[in-house]
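Engineer: Structure provided below as structure tokens; questions to follow.
The values are calculated or read from the model by the stated rules, or taken from the named source; none is laboratory data. Remember, it's a predicted structure, so these values are computed and weren't measured experimentally. Reconstructed Cβ throughout: ideal geometry from the backbone, glycine too, with neighbour counts over all protein chains shown. Note: accessible area is taken over every heavy atom of the protein model, side chains too, but ligands, DNA and RNA are not part of it. Shrake-Rupley method; radii C 1.70, N 1.55, O 1.52, S 1.80 Å.
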Amino acid sequence: RDNILRRIEAAKVREVSLGERIAGLEGSRRNSLDANQSRIETAADRVQAAEKALSAAEATLVADKLNLDRQKKLIEKGLTSTRTVELAQMAYDRAVAEVERSRAAVNAEKNSKSVLTADQQKIVTDFRSSIEDAKASRATALTEIANANIELQRVDARLARQESQTVRAPRDGTIFRL
């Protein structure tokens, strides 16, 4: 009987501990999801900023291309210096490089956002798995408590029956069998 009571108490402690673990996991899941959502929103803002920088770089490229073409036409007519054409060519080359850098930045920010979005799903899956595992362990502990209580009732019934049984001998002496 004492062994059964110890098993019940241990199972109850385990059940309470698992309940607290489940609550902690659910809180951690919410916090992790909120933090990751903030990172996703920040990444989306960075994507927008990179796209605006790309638009500005493309506008500069168009303007520098027009200026280069104009300077080339002017040099053919002898109305500008070679140095001015070279400067226009350098500005155009810088604009091309800036457009390429901006495109790379947009792609990098989009990839970063995609990774964070994938992490969001991983967080959901990982926490779901941990919480379900803890719930299964808790259910096992509750089942163990129920089974031990049934066993305790059987033992108590047997002890009560034994206490109520009285054997009377017809005379004094040693009992060899009942």
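Engineer: Report yes if some residue within segment 69-83 is of a type in the set (A, V, I, L, M) and touching an Asp or Glu at 6+ places or on another chain (Cβ under 9 Å); otherwise report no.
Structural biologist: No, because not a single residue in segment 69-83 is of a type in the set (A, V, I, L, M) and touching an Asp or Glu at 6+ places or on another chain (Cβ under 9 Å).
Engineer: Evaluate the following for Val85: is it open to solvent by less than 70 Å² (accessible area, probe 1.4 Å), over 38 Å from the mean Cα position of the chain (by Cα) and within 30 Å of Val115 (Cα to Cα)?
Structural biologist: No.
Engineer: Quick test for you: out of Ala148, Ala108, pick the one residue that is under 30 Å from Ala11 (Cβ atoms) and open to solvent by less than 80 Å² (accessible area, probe 1.4 Å).
Structural biologist: Ala148
Engineer: Would it be correct to say that Arg101 is out of contact with any helix residue (DSSP H, G or I) (no Cβ under 7 Å at 6 or more places or on another chain) and farther than 30 Å from Glu15 by Cβ?
Structural biologist: When the stated conditions are applied, Arg101 passes them.
Engineer: Next question. Are any residues in segment 1-29 surrounded by 16 or more Cβ atoms within 10 Å (Cβ to Cβ) and not small (Gly, Ala, Ser), and if so, which ones?
Structural biologist: Ile4, Arg7, Ile8, Arg14, Glu15, Leu18, Arg21, Ile22, Leu25, Arg29
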